[in-house]
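Here the structure is laid out as structure tokens; the discussion comes afterwards.
FYI, it's all coordinate maths here, none of it is from the lab. Since the structure is predicted, the reported quantities are computational estimates derived from the model, not experimental observations. Backbone-built Cβ (ideal geometry, glycine too); neighbour counts: all protein chains shown.
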Ligand code: AMP
Ligand code: MG
């Protein structure tokens, strides 16, 4: 990233108590998104492994986590980073080729990258939260990434259970909500009490965001996961019928769904737990950045029972059941309909 862009980011946030965190988070996320785009373009099908829960993890997930953890640790040596991945699988002899690939891509951003150092940078992360900590999903929506659909690099700063800062890079998301076939690549940013913004993938063109003003459910557009195992599509459909929502759902991978609510494109984001895993507890890194981005744009975010999201009980949101994101105006109407 050029010095001029870094300076303009810094100038834009100079007065904020978290201004150095904002600048570092933008820089780290943008580097990771460049790495992900490069890997995405070169995908051959040999870049992913299956984790013990059968979910995929790719060279890009590891590379993104290595870059962001290294960068944040260097700037804030006392901070804890709670990120999704670790290097356990990567260090196994059978995956040495994957580790070599990760190192190759990280090397473009950090010239002294070696397999050993890259593994160590990935492991700067732990799964223990503190009073102040960062949480990172190096690639949210890995299945979307592999399909060539949406994915997000999501980084948030949490203090005393409150999300203070959220950054989300969506390299494959169209910039203009009215031109889905137009240019792609967005960075969303929100700070507590300071609003929500969209920028381009170089950190320029900062625009404030606000949610849709739709007051009638029949005119609402709702968004949901692509993966049927991540949300109850059938229940969503019945709920939409009950609310007379006429438009079909916009299915999208990753926390990009929070971004499209924040910019007024979708009115609601529904995430009722799938019947395949009804007791599923959400991970903090899957919602921290997205939720502040929707809230600071004027939206409301709770679980499907109306409870605030719980970022203070470790890596799992143990006190929550599903997720509901709205433009605020329609929140109570949808919460009531959810009681069906
Ligand atoms: P999405 O792209 O919105 O479908 O969300 C992707 C995220 O869903 C991944 O990062 C996973 O952590 C998470 N996930 C995995 N299994 C489930 C599940 N059974 N229910 C809800 N979310 C899940
Ligand atoms: Mg995720």
Which whole-number value in Å³ per residue fits the convex hull of the alpha carbons of the range 217-272?
63
The alpha-carbon pair-distance distribution computed for the range 292-340, with 5 angstrom bins and whole-percent values, is 5, 23, 27, 23, 14, 7, 1
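Treat the count of other C-beta atoms within 10 Å as a stand-in for reagent exposure and order 317, 340 from fewest to most.
Details: 317 22, 340 8.
Starting with the residue having the fewest Cβ neighbours, the order is 340, 317.
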Packing-based exposure ordering (other Cβ within 10 Å, fewest first) of 269, 105, 174:
174, 105, 269
So for the range 223-340, what are the equivalent ellipsoid semi-axes in whole Å, largest first, each being the square root of 5 times an eigenvalue of the Cα gyration tensor?
19, 17, 14
Using Cα centres only, tell me the gap between the range 157-212 and the range 262-284 in whole Å.
19
If I stretch the segment between residue 131 and residue 114 completely, what's the gain in nm (0.36 nm per residue apart, minus their alpha carbon distance), one decimal?
2.9 nm
Rg/Rh (Cα only; Kirkwood hydrodynamic radius) as it applies to the chain
0.95
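Can you give me the Kirkwood hydrodynamic radius for the range 150-241, using every pair of distinct Cα atoms, in Å to one decimal? Don't skip to the end; give the middle numbers.
Working: mean 1/r = 0.0643 Å⁻¹.
After inverting the mean inverse Cα-Cα distance, the result is 15.5 Å.
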Using a 10 Å cut-off around each Cβ, can you sort 33, 87, 274 from fewest to most neighbouring Cβ atoms?
274, 87, 33
Tell me the volume per residue, in Å³, of the convex hull enclosing the alpha carbons of the range 251-299.
81
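Determine, from the Cβ-Cβ distance of residue 91 and residue 318 and an R0 of 35 Å, the FRET efficiency 1/(1 + (r/R0)^6), rounded to the nearest 0.05. Mind showing how you got there, number by number?
Values: r = 30 Å, r/R0 = 0.86.
After rounding to 0.05, the efficiency reads 0.70.
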